[in-house]
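What follows is a short report on a single structure.
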Amino acid sequence: MKRAKVTRRKRGTRHTPKREHLPPKIEKALSCKSRDKRSKKEFALLLSIIALVLVFMTFSKYMIKTDLETMIASQDSACFSDQQLGSSAVWEQGNIAMMTAFETPDPCYRVSSVSATQQGNRVSMKLKVESGGICVQCFGYRSVKYWIMAPEQGSDLDLYVDIEGSTQHYVWLPIQK
């Protein structure tokens, strides 16, 4: 078997034997290398595209806002004295039962509507409050119980209650088991 001719090479360059002295099997293997490199690059590109699609699918649910169905169950009002203000939430049959208590300018204010949106594990509620007309002159207290129907559960939920344009309350609700 003939040995490949060794030539002097410049510093920092790779030594490759001259092709004319290589056996046919090695010559064939070398000719396939360029195709293999191309197919490896194509394979790497395909893998990176698949990875990007998977990342996008995973995080897209955190970018999309979903409107949730809500229903006001009951309301109560009184002159404000020492009632506790805030919100609380519990799971009931796959839905969230919320109770929110807040201060109003007088007891005749009422919650006219509740809307809710979900983005990832964040659920935001907006309570629209309207005046009921002429009323007793005292600071009011409004307590409202409402339902948020079937939010998507993937993890614990962060609930934010927005009463007339300012976030008033935050509630952490663990995942339903």
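FYI, it's all coordinate maths here, none of it is from the lab. Model, not experiment: these values are computed from the prediction. Every residue, glycine as well, gets a Cβ built from its backbone with ideal geometry; the counts of neighbours run over all protein chains shown.
From least to most packed, judged by other beta carbons within 10 angstrom and beginning with the fewest, ASP76, ASP106, ASP158 follow the order ASP76, ASP158, ASP106.
Couplings for segment 101-110, taken from phi via the Karplus curve 6.51 cos²θ - 1.76 cosθ + 1.60 with θ = phi - 60°, read 10, 8, 8, 10, x, 8, x, 7, 5, 9 Hz in order; Gly and Pro are left as x.
Extension gain for GLN84 to GLU164 (0.36 nm times residue separation, less C-alpha to C-alpha distance): 26.9 nm.
Residue separation of MET99 and SER113 scaled by 0.36 nm, minus their Cα-Cα distance, works out to 3.6 nm of gained length. Lys-Lys pairs in segment 44-177 that are eight or more residues apart or on separate chains and whose Cα atoms lie under 24 Å of each other come to 8. Close amide-amide hydrogen proximity is noted between ALA78 and TYR141, each under 5 Å apart and 5 or more residues distant or on a separate chain (H modeled in the peptide plane; Pro and chain starts excluded). Footprinting exposure proxy ranking of ARG122, ARG110, fewest other C-beta atoms within 10 angstrom first, gives ARG122, ARG110. The mean sequence distance of close C-alpha pairs (under 8 Å, at least 6 residues apart), as a share of the length of segment 66-173, puts its relative contact order at 36 percent.
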